[in-house]
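Just below is one structure, and these are the notes that go with it.
Quick note: the coordinates plus some simple rules give every number you see, no bench work behind them. Since we're looking at a predicted model, the values are computed, not measured. Positions of Cβ are generated from backbone atoms using ideal geometry, with glycine treated the same way; all protein chains shown enter the neighbour counts.
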Amino acid sequence: MTDRGPIPDPNRLLSGHNSNEILPAYDSETAKSYVLFNMNSTAAVGPWGISYSGNLTPDDTGIGTWSEAQFLKAMKEGKYKGLEGSRPLLPPMPWQAYSQMPDEDLKAIFAYLKSIKPVENIVPAAKIAGM
Ligand code: HEM
């Protein structure tokens, strides 16, 4: 983040919230009325808890071991890791907005993601409100 807005970091393209980045403290009173993002826009605090953007690169810590079917399940049904029985994907991942995309388009996105530079990064586990 800069004083003119965000600048993409090509070395970390689509690799999700950096596991080395500790979130700064926030005012929990303010957080009751706002959705807060960290400066890198990789983590968000809201009524659902705290979510961290996923590693979508083809490393084993990302989607490297995912099948196309898993990706379609994540995007169309909002399932974490695209696995049956896993928890729902949290906001701000707008999966509901993508769920109507034709399979052909989702498959093209998956093929693109499998083609980018793998980045090793284990994204921290989400903190789900009330759990
Ligand atoms: C075409 C665009 C997008 C694609 C292909 C995509 C893909 C994905 C996938 C596959 C996951 C699941 C990762 C996993 O289970 O390990 C995910 C999670 C996530 N995405 Fe997206 N995403 C997109 C757009 C967005 C946007 C626009 C945002 C935020 C504004 C976002 C925020 C997140 C967050 C916070 C998570 C983690 C959710 C959780 O832990 O429950 N995504 N995304």
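Comparing SER15, SER86, SER53 in a Gaussian network model of the chain (Cα springs below 10 Å), the most mobile by mean-square fluctuation is SER86.
Report the full-extension gain for the segment ASP103 to LYS117: residue separation times 0.36 nm, less the Cα-Cα distance, to one decimal in nm. Kindly include the intermediate steps, with their values, before the conclusion.
Working: separation 14, 0.36 × 14 = 5.04 nm, distance 2.37 nm.
So the extension gain works out to 2.7 nm.
For the pair SER28 and ARG87, a Förster radius of 30 Å applied to the C-beta separation gives a FRET efficiency near 0.80, rounded to the nearest 0.05.
Given +1 at the Cβ of Lys and Arg, -1 at the Cβ of Asp and Glu and no other charges, the dipole of the chain around its Cα centre is 160 debye to the nearest 20. Of the residues ASN20, ALA31, PRO47, the one whose Cα sits farthest toward the positive end of the charge dipole of the stretch 1-82, with +1 on the Cβ of Lys and Arg and -1 on the Cβ of Asp and Glu, is PRO47. Counted by neighbouring Cβ atoms within 10 Å, the residues ARG12, ARG87, ARG4 run from fewest to most as ARG4, ARG87, ARG12.
Highest GNM mean-square fluctuation among MET93, MET101, MET75, for the chain modelled with Cα contacts below 10 Å: MET101.
Which ordering of ASP105, ASP59 is given by a fewest-first count of other beta-carbon atoms within 10 Å?
Values: ASP105 11, ASP59 18.
The fewest-first ordering by Cβ neighbours comes to ASP105, ASP59.
Helix 68-77 axis versus longest C-alpha principal axis of the chain: approximately 50°, rounded to the nearest ten.
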